[in-house]
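Trainee: Just passing along the structure, written as structure tokens.
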Amino acid sequence: MTAHAAWAKLLAVRTVLFATILVFAISGCATTGSGSVPKSVALEFHGKPGELTETRYYSNAHIQSYEDGQLLRDRFEGVDFTVASKVTETLPTSHILKFDVQTTSKDGTVELHDLAFPELGEKIDYVIRGNGEVLRAGSYAPESLFYVPALPIPKAPVEIGDTWTMEHTWVSSRDGIPLTLQVVGILKNIVTCEKSGVCADLEINGHVKLGAQPANASARFDSRIWGRVLFSLQRGDVIWSDMRSSEEMGIKNDKMAVRSCMVSEMKLGGDAKIQFACDPNDEHVTPTPRY
């Protein structure tokens, strides 16, 4: 199993997530010390035809390979890239959204397909339902990483402290292994941001597990995914994110360990509010910024 294959499994939840347009439908309202914010939010994917957003990402992975307990390879793999997303059509009655995703700049050698993003110069046309189900991802197969749902979406409006789950299985393109993503979403806070706007602060926790038992009974596979995402209800998009992951797989004293991180920020005009760098060995997620 290659390092990129391991990397892709742990990035499934965040990569498709950051390439979509999200809008929160608001239900209910309450007044707090920070201003008027909704009491509950209902998550749904939708947008307006012609909407164009740009988001910059920085991804970094620390990959270590061991043989007979001895460290053989120790390297970092990073990439800094920008993705443009444009809504092409909406079908409100059927709750379907169509949009194009294109990488406009890239600095690094990491293959973006392993992160479920288009390579530089490539455009992927997506069709999704409002509940996050991917109906089409360009010419990629439905069992591919590109079809992993963008976000764990609750079936009803949620309030601060509420949790919900998502599970999805796909097949690794490099080795044909079925993988199952299990994540929990938590609404941590609803805050004012972007001066007059409102943002939802989400926490994501989960893991990836093998969809079938390994042939070798001594084989082991452990993973963990965690992080925070800030959404603007006013814009309906991801403004900022910080996602972390760790993974270890192997047989006896032969193993591979992968730790990774990814930060992102939407281009809202002016200078970036975050530093486009992250340490994959640091388990602490950056505090959610205020815009």
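Trainee: Please name all residue pairs, on different chains or six or more residues apart, with Cβ atoms under 7 Å, provided the first residue is in segment 87-100 and is aromatic (F, W, Y) and the second residue is assigned to a strand (DSSP E or B).
Mentor: Final answer for the pair search is F99/S85; F99/K86; F99/V87; F99/T88; F99/Y126.
Trainee: Let me ask something else. Is it true that some residue in segment 216-224 is over 24 Å from V87 (Cβ atoms), among the aromatic types (F, W, Y) and either surrounded by fewer than 21 Cβ atoms within 10 Å (Cβ to Cβ) or without any contact (Cβ under 8 Å) to a residue 40 or more places away in the chain (or both)?
Mentor: yes
Trainee: Here's something else I'd like to know. Just for segment 125-167: of the residues that are among the β-branched types (V, I, T) and under 17 Å from the mean Cα position of the chain (by Cα), which one is nearest to G50 (Cα to Cα)?
Mentor: Ranking the candidates gives I128 first.
Trainee: Mind listing whichever residues of segment 103-120 are touching a Phe, Trp or Tyr at 6+ places or on another chain (Cβ under 7 Å) and part of a helix (DSSP H, G or I)?
Mentor: L112, D114
For every residue, the table says whether it meets (1) surrounded by fewer than 18 Cβ atoms within 10 Å (Cβ to Cβ); (2) modelled with pLDDT under 90; (3) closer than 19 Å to T286 by Cα; (4) touching a strand residue (DSSP E or B) at 6+ places or on another chain (Cβ under 8 Å).
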| position | (1), (2), (3), (4) |
| --- | --- |
| D201 | no, no, yes, yes |
| R228 | no, no, yes, yes |
| F231 | no, yes, yes, yes |
| N253 | yes, yes, no, yes |
| S260 | no, no, yes, yes |
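Trainee: Turning to a different aspect of this structure: Filtering segment 150-171 down to residues that are under 19 Å from P38 (Cβ atoms) and at pLDDT below 85, which residue is surrounded by the most Cβ atoms within 10 Å (Cβ to Cβ)?
Mentor: The qualifying residue surrounded by the most Cβ atoms within 10 Å (Cβ to Cβ) is L151.
Trainee: Just for segment 252-287: of the residues that are in contact with a helix residue (DSSP H, G or I) (Cβ under 7 Å, 6 or more places away or on another chain) and small (G, A, S), which one is nearest to V83 (Cα to Cα)?
Mentor: S264
Trainee: Moving on to the next point. Pull up segment 77-95, narrow it to residues that are part of a strand (DSSP E or B) and polar (S, T, N, Q), then point me to the one that is surrounded by the fewest Cβ atoms within 10 Å (Cβ to Cβ).
Mentor: T88
Trainee: Can you tell me which residues in segment 90-101 are out of contact with any Gly (no Cβ under 8 Å at 6 or more places or on another chain) and under 20 Å from K267 (Cα atoms)?
Mentor: D100, V101
Trainee: Of all residues in segment 121-149, count the ones that are surrounded by fewer than 19 Cβ atoms within 10 Å (Cβ to Cβ), in a strand (DSSP E or B) and in contact with a Gly (Cβ under 9 Å, 6 or more places away or on another chain).
Mentor: 2
Trainee: Something else about it: Filter segment 264-282 down to the residues that are of a type outside the set (A, V, I, L, M, F, W, C) and not in a loop (DSSP other than H, G, I, E, B) and list them by number.
Mentor: If the condition is that a residue be of a type outside the set (A, V, I, L, M, F, W, C) and not in a loop (DSSP other than H, G, I, E, B), then S264, E265 are the ones that fit.
Trainee: Answer with yes or no whether Y58 is crowded, with 20+ Cβ neighbours inside 10 Å and touching a residue at least 12 places away in the same chain (Cβ under 8 Å).
Mentor: yes
Trainee: Looking at (1) under 16 Å from D100 (Cα atoms); (2) out of contact with any Phe, Trp or Tyr (no Cβ under 8 Å at 6 or more places or on another chain), which one does V198 not meet, given that it meets all the others?
Mentor: So the condition that V198 fails would be (1).
Trainee: Okay, moving on. Run D271 past the list (1) in contact (Cβ under 8 Å) with a residue 12 or more places away in the chain; (2) surrounded by fewer than 21 Cβ atoms within 10 Å (Cβ to Cβ) and report the number of the one that doesn't hold.
Mentor: D271 satisfies all of (1) in contact (Cβ under 8 Å) with a residue 12 or more places away in the chain; (2) surrounded by fewer than 21 Cβ atoms within 10 Å (Cβ to Cβ) except (1).
The values are calculated or read from the model by the stated rules, or taken from the named source; none is laboratory data. This is a predicted model, so every value here is computed, not measured. When we count neighbours, we look across all protein chains shown, and the Cβ atoms used for this are built from the backbone with ideal geometry, even at glycine.
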